[in-house]
Every structure is written in C-alpha cells, then in structure tokens.
1. For every other residue with a beta carbon closer than 13 angstrom to the beta carbon of Leu45, add +1 if it is Lys or Arg and -1 if Asp or Glu, then tell me the sum.
2. Calculate the dipole size of the chain relative to its Cα centre from +1 charges on Lys and Arg beta carbons and -1 charges on Asp and Glu beta carbons; express the result in debye to the nearest 20.
3. Using a 1.4 angstrom probe on heavy atoms only, work out the carbon and sulfur share of the accessible area of the stretch 20-138 in %.
4. Which value, in Å³ per residue, describes the convex hull spanned by the Cα atoms of the chain?
5. Can you bin the stretch 64-138 into rounded, prolate or oblate? Criterion: square roots of the alpha carbon gyration tensor eigenvalues sorted a ≥ b ≥ c, rounded for a/c under 1.5, prolate for a/b above b/c, oblate for the rest.
6. Under a Cβ-Cβ cut-off of 14 Å, what is the net charge of the residues other than Gly33 that fall near it, where Lys and Arg count +1 and Asp and Glu count -1?
7. Using only Cα atoms, what Kirkwood radius does the stretch 22-81 have, in angstroms?
8. Which value at 222 nm does the chain reach when only helices count, each DSSP H run of 4 or more adding -39,500 (n - 2.57), with the total divided by all residues and rounded to the nearest 500 deg cm²/dmol?
Amino acid sequence: MFRTTMIAAAFGLLASPALAADVAGLWQTPTNGGQVEISHCGNSLCGKLVNSNHIRENPALKDVKNKDESQRVRTLKGLQMLYDFSGGPTKWKDGKVYNPDDGGTYSGTIELIGENQLKLKGCIVAPFCKTQVWTRLR
C-alpha cells in the first residue's frame with residue numbers, strides 16, 4: 001500500500017488542493033459585471049476593481065457612495081476593494097472587503113473552492129454575512 005502511494009505521488013496522481021491553483025488572477029463577480037484582479041501584496045492578498053458594467057459606461061465613475069466623504073473623489077476603476085487577507089494557500093481570512101455599491105467595508109474570507117472558483121464572504125458581524133462565488137477569467 002505504502003509503495004503504491006509513493007509511486008502515485010511520484011507521478012503526480014495524488015494532487016494536493018493546495019498546489020492545484022493560486023488565487024492570484026482576474027476574477028468575474030456575479031454582480032454588475034465586476035472584474036477584480038487579486039494579487040499577492042507581501043504576505044497578504046489584495047484585489048483591485050478592474051472593470052464593471054458601470055465602469056464600462058463611465059470610466060471616470062467616482063466612489064460616490066463611500067461613507068468617508070473625502071474618498072468620494074476616487075475613481076472606481078483600479079480601486080482596491082480587497083485587502084489584508086492572511087493565510088493561504090487555499091483559504092484566506094481576516095481581510096477587508098470594500099463594497100462600492102453601498103460604501104461599506106466588511107470583514108472577509110476568501111476560499112478557493114476549485115481551480116477556477118472562489119468563495120468570497122463578507123460580514124458586518126457574524127452571522128450577518130453575504131457570500132459570493134467568483135469565477136476565474138485568467
């Protein structure tokens with residue numbers, strides 16, 4: 001049995017989910033045609049809004065719903081909306097999720113649930129959370 005397992009592992013037949021995919025990449029959100037580029041920022045994960053239906057209509061669209069009035073002059077395109085996620089390689093926690101639709105910032109987790117899907121969960125305070133499944137574009 002041990003020998004069979006070692007041979008299978010040597011030929012890559014026993015794939016580890018941790019090695020299956022990296023969360024970094026371009027992801028499609030299920031709302032508003034959003035596209036978010038997730039990358040490694042030091043030891044944490046971060047993500048920027050690359051595109052959305054609203055940005056396609058008006059590339060200069062501002063962050064007008066931000067709860068901090070001084071931030072309302074920022075453009076949505078390129079806006080960092082995910083930051084400070086720690087952990088990995090398949091589950092990241094203790095991060096922050098900024099939602100430009102309501103101007104709120106929420107506690108979040110990111111979990112790879114497949115090579116091309118991730119689950120993003122944002123919470124005001126548990127159990128008041130929303131979860132989305134995002135699909136990898138590249």
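The values are calculated or read from the model by the stated rules, or taken from the named source; none is laboratory data. Just so you know, these numbers come straight off a predicted model, no measurement behind them. All Cβ positions, even for glycine, are placed from backbone atoms using ideal geometry, and neighbour counts span all protein chains on display. Just the protein is used for accessible areas: all its heavy atoms, side chains included, with ligands, DNA and RNA removed. Shrake-Rupley method; radii C 1.70, N 1.55, O 1.52, S 1.80 Å.
1. Working: positive: Lys48, Lys91, Lys93, Lys96; negative: Asp22, Glu37, Asp84, Asp94, Glu111.
For residues surrounding Leu45, the net value is -1.
2. On the way: 17 positive and 12 negative charges, 19 e Å.
Value, rounded to 20: 80 debye.
3. Details: 3400 of 6600 Å².
Within the stretch 20-138, the accessible surface is 52 percent carbon and sulfur.
4. Values: hull volume 17.1 nm³, N = 138.
Here the figure is 124 Å³ per residue.
5. Working: a/c = 2.13, a/b = 1.56, b/c = 1.37.
Prolate, since a/c reaches 1.5 and a/b exceeds b/c.
6. Numbers: positive: Arg56, Lys77; negative: Glu57, Asp101.
After counting each charged neighbour, the total is 0.
7. Numbers: mean 1/r = 0.0819 Å⁻¹.
The Cα-based Kirkwood calculation yields 12.2 Å.
8. On the way: 3 runs with 18 residues, N = 138.
Value at 222 nm, helices only, nearest 500: -3000 deg cm²/dmol.
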